[in-house]
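Asks: Questions regarding the structure given below will be posed in turn.
The values are calculated or read from the model by the stated rules, or taken from the named source; none is laboratory data. Just so we're clear, the structure is a prediction, and the values are computed from it rather than from any experiment. FYI the Cβ positions are ideal-geometry reconstructions off the backbone, even for glycines, and counts take in every protein chain you see. Just so you know, the surface numbers come from the protein's heavy atoms only, side chains and all, with ligands and any DNA or RNA stripped out. Shrake-Rupley method; radii C 1.70, N 1.55, O 1.52, S 1.80 Å.
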Amino acid sequence: MLQEQEAHAAEMERTFIAIKPDGVQRGLIAEIISRFERKGFKLVAIKIVIPSKDFAQRHYHDLKERPFFNGLCDFLSSGPVLAMVWEGEGVIKYGRKLIGATDPQKSEPGTIRGDLAVVVGRNIIHGSDGPETAKDEIKLWFKPEELVTYTNDAEKWIYGVN
Ligand code: GDP
Ligand code: MG
């Protein structure tokens, strides 16, 4: 049992997920949150913010050479974004699976982008693409005290570990 608990603790991760201004304006907040929640992931931080253009540029800094960078940053700062941190075993990689491919034309049905978006420039949601980016993005968007550590009573049923 102790081994299972240690394995569970070692696999526990956090990822940064954001509903972009198009997802917020289209009324998709509850739909998107419910997909992460029903899966069994745990919400540990959430807030609604309108990021400045400078902040959007920091968030997407690794894309600054891309032709769509300026439009992307204008778009991200054009309205409210729902910023969240989700926790769970494998949540970084599986969160990306729930989201689907970057281009909604290539996202599988059943994924968030596959079911709810049509074009790459309005693909409604962001998710960290790996452990390092997750750490950096959580730090960029949230103060440490905005992250809540708690036990969800359903965890023993989700993971089979007490
Ligand atoms: P993601 O991690 O799946 O969100 O994709 P990327 O990190 O590669 O790109 C970040 C965001 O830039 C995407 O979610 C899209 O909103 C946007 N984007 C990516 N590629 C393109 C493109 O070819 N054209 C446009 N207009 N936007 C793009
Ligand atoms: Mg990305």
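Asks: Note down the relative contact order for region 84-128 as a percent, whole number, built from C-alpha pairs under 8 angstrom at least six residues apart.
Replies: Relative contact order of region 84-128: 33 percent.
Asks: Then there is this: By how many degrees, 0 to 90 and rounded to 10, does the Cα axis of helix 29-39 deviate from the longest principal axis of the chain?
Replies: 30 degrees
Asks: If you don't mind, there's one more thing I want to ask. Compute, for region 1-147, the length of the dipole vector about the Cα centre, with Cβ point charges of +1 (Lys, Arg) and -1 (Asp, Glu) only. Units Debye, rounded to 20. Mind showing how you got there, number by number?
Replies: Working: 21 positive and 22 negative charges, 95 e Å.
Computed charge dipole of region 1-147: roughly 460 debye.
Asks: What nm distance separates the two modelled labels at Glu146 and Ser78, each placed 7 Å from Cα along Cα→Cβ?
Replies: According to this spin-label approximation, the distance is 2.3 nm.
Asks: Could you tell me how many degrees, from 0 to 90 and to the nearest 10, lie between the Cα long axis of helix 131-141 and the main elongation axis, the longest principal axis, of the Cα atoms of the chain?
Replies: 70 degrees
Asks: In square angstrom, rounded to the nearest 10, how much accessible surface does Leu43 have for a 1.4 Å probe?
Replies: 50 Å²
Asks: With each label point set 7 Å from Cα along the Cα-Cβ vector, what nm distance links Lys139 and Arg58?
Replies: Taking the two extended label points, one gets 1.2 nm.
Asks: Next up: Using the alpha-carbon centroid of each, what span in Å lies between region 45-67 and region 107-162?
Replies: 17 Å
Asks: Now for a different question. Hey, what's the chain come to in accessible area per residue, 1.4 Å probe, Å²?
Replies: 57 Å²
Asks: Which of rounded, prolate, oblate describes region 101-162, given a ≥ b ≥ c as roots of the alpha-carbon gyration tensor eigenvalues and a/c under 1.5 marking rounded, otherwise prolate only if a/b is larger than b/c? Working shown, then result.
Replies: Working: a/c = 2.83, a/b = 1.46, b/c = 1.94.
Oblate is the answer for region 101-162, as a/c is 1.5 or above yet b/c matches or exceeds a/b.
Asks: Another question, then. Report the dimensions of the chain along its three principal axes from the alpha-carbon atoms, largest first, rounded to Å.
Replies: 52, 34, 27
Asks: In addition: Using 7 Å Cα-to-Cβ label points, what is the Asn70/Glu37 separation (nm, one decimal)?
Replies: Distance between the two pseudo-spin positions: 4.1 nm.
Asks: Same structure again: Run the numbers on the chain and let me know its relative contact order in percent, using alpha-carbon pairs under 8 Å that are six or more apart. Working shown, then result.
Replies: Numbers: 246 pairs, mean separation 53.7, N = 162.
The value is 33 percent.
Asks: Could you work out [θ]222 nm for the chain from helices alone, using -39500 (n - 2.57) per DSSP H run of at least four and dividing by all its residues? Round to the nearest 500 deg cm²/dmol.
Replies: Working: 9 runs with 71 residues, N = 162.
When only DSSP H runs of four or more count, the value is -11500 deg cm²/dmol.
Asks: Arrange the residues Ser34, Ser52 by how much accessible surface each exposes, largest first, with a 1.4 angstrom probe. Can you show the working numbers first?
Replies: On the way: Ser34 30, Ser52 60 Å².
Heavy-atom accessible area, descending, gives Ser52, Ser34.
Asks: Using the Cα centre of region 65-153 as the reference point, and only Cβ charges (+1 on K/R, -1 on D/E), how large is the resulting charge dipole? Debye, rounded to the nearest 20. Working shown, then result.
Replies: On the way: 10 positive and 14 negative charges, 56 e Å.
In total the dipole reaches around 260 debye.
Asks: Which shape class applies to region 68-133: rounded if a/c is under 1.5, otherwise prolate when a/b exceeds b/c and oblate if not, where a ≥ b ≥ c are the square roots of the Cα gyration tensor eigenvalues?
Replies: Details: a/c = 1.89, a/b = 1.20, b/c = 1.57.
Note, shape of region 68-133 comes out oblate.
Asks: Once amide H atoms are built 1.01 Å from N in the peptide plane, which residues 5 or more positions from Ser128, or in another chain, come under 5 Å H to H?
Replies: Phe16
Asks: Further question on the same structure: Once you have the Cα-Cα distance between Lys47 and Ile158, take 0.36 nm times their residue separation minus that, and quote the gain in nm to one decimal.
Replies: Details: separation 111, 0.36 × 111 = 39.96 nm, distance 2.56 nm.
Contour length minus the Cα-Cα distance gives 37.4 nm.
Asks: Also: Solvent-accessible area of Asp129, probe 1.4 Å, all protein chains present, reported in Å² to the nearest ten, please.
Replies: Answer for Asp129: close to 100 Å² accessible.
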